[in-house]
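Here it is, the structure, as structure tokens.
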Amino acid sequence: MDDINKKSKEELLRDMKPPGAYLDSLSGFTDIIGTIKQAENAAKELLIETAEIKKDTKSSTPPEESKTLETQTNDAPEKEETQEKTQEKTQEELLETLDALVGLEKIKQSVKSLINFVKVRNLRKENELPNPPVTLHMVFAGNPGTGKTTVARILSELYKAIGVLSKGQLVEVDRSGLVAGFVGQTAIKTSEVVTSALGGILFIDEAYALAPDTGGAGNDFGRESIETLLKLMEDNRDDLIVIVAGYSEPMERFITSNPGLESRFNRYFYFEDYNSEELYEIFDIMCKKSEYILTDEAKDYAREYFIELYEDREENFGNARHVRNFFENIVTVHSDRVSKLEGHTRDDLTMVILEDLEKAAEM
């Protein structure tokens, strides 16, 4: 009776085990544990052998190849820097760019004289000859649209090419970029801008706004900016050039408003208005660059338009800005006309007719 009950109990336990999970004896369980340990040992041996193979492979790599692989990532910035250097224009190329500008004959000659002056100073220094103290800070005076910023950019690259400046970048700013709205912040703001321009040229447009003609009344933070600027110009006179620009008369008042400005800005470049022929030449360059072709009637109209524009110009004539506005109006009128055509041709997309200019002039 006991045997029957025992057997029934064993059968019951057997039925409760999942398939394949039942161990018939303790010796079977031991065999499985041994197999697992053998697998672990084999895995350890495989890892050791793999590590030794990698070590041997690394040691067999030629020194030159190994060095190349290790420094490939570190060399990338040097390659980029080399490419940037090769892209820098030479002095001859920059002077050609200057000569290619429309008009500005007096400015071109003044820039070339300035470059020659600096080159001779460098030669005297190389020959251990004394050079009198000099400042290269400049005043660009004239109406807007006369190429002041363009010439400043070329100058920054020219000075870099002949070794006067270490970087040659041009940083453009106006009053809003130098003056803050609270006491103590303007000096910080001006210092940050000057720091970004070190090694290049700081170009301050409408600089007279820093010293508004208020008769000395009020507390204008522009004067704080001027004082900060003057100190930083002196501290960094060997690697910073400042160009202040704006309308002629306000710029003269600005320079004479502070003795420090008068002593540091003694080089004046006067940018004259473009005449009618030069205005048309600028317009023609814009058209060709964007591949717009004017009919003969349209060309005649454009020449007459710029003659009248120049003769009727006001004191603060916009020069090339007027030309660009006229050109953009023409493009708008042309687009309106062509969009109404069916089956557009290449000629339709490029040809500008008299009617386009007439409507643009009325805008």
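Each reported figure results from applying straightforward, stated rules to the coordinates on display, with no laboratory input. Being a predicted model, the structure only gives us computed values, none of them experimental. All Cβ positions, even for glycine, are placed from backbone atoms using ideal geometry, and neighbour counts span all protein chains on display.
How many nm is it between the label spots at residue 328 and residue 315, if each spot is 7 Å from the Cα in line with the beta carbon?
Inter-label distance under the simple model: 2.6 nm.
Considering amide H positions built from the backbone, and no H for Pro or chain starts, which residues 5 or more places from residue 142, or on another chain, come under 5 Å of its amide H?
Close amide H contacts, sequence-distant or interchain: 246, 247, 248, 271.
Among residues other than residue 316 whose Cβ falls under 11 Å from its Cβ, what is the net charge (Lys/Arg +1, Asp/Glu -1)?
Net charge around residue 316: -2.
Given a cut-off of under 8 Å on Cα pairs at least six residues apart, what relative contact order in percent is computed for region 91-271?
Worked out over region 91-271, it gives 31 percent.
I'd like to compare 299-305, 138-144: which one has the highest average count of other Cβ atoms within 10 Å, and what's the full order after that?
138-144, 299-305
Which chymotrypsin sites (Phe, Trp or Tyr not before Pro) from region 143-232 combine a DSSP loop assignment with at most 11 other Cβ atoms within 10 Å?
182
Now a separate question. What number comes out for the charge environment of residue 236, summing +1 per Lys or Arg and -1 per Asp or Glu over other residues with Cβ under 14 Å away?
Net local charge, residue 236 excluded: -1.
When the chain is fully extended, how far beyond the present Cα-Cα distance does residue 288 get from residue 347, taking 0.36 nm per residue of separation?
Gain on stretching residue 288 to residue 347: 19.8 nm.
Then there's this: Which semi-axis lengths, in whole Å and largest first, follow from the square roots of five times the eigenvalues of the Cα gyration tensor of region 91-271?
They are 28, 19, 15 Å, listed from largest to smallest.
Might you report the magnitude of the Cβ-based charge dipole of region 91-271 about its Cα centre, with Lys and Arg at +1 and Asp and Glu at -1, to the nearest 20 debye?
320
A further question on this structure: Have a look at 164, 139, 152 and report the one farthest towards the positive end of the charge dipole of region 91-271, computed about the Cα centre with Cβ charges (Lys/Arg +1, Asp/Glu -1).
164
So which of 167/288; 189/231; 106/359; 112/288; 108/167; 119/289 end up more than 26 Å apart, counting from Cα to Cα?
167/288; 106/359; 112/288; 119/289
Here is a follow-up. In region 110-206, what GluC sites (Glu not before Pro) fall in a loop by DSSP, with at most 15 other Cβ atoms inside 10 Å?
128
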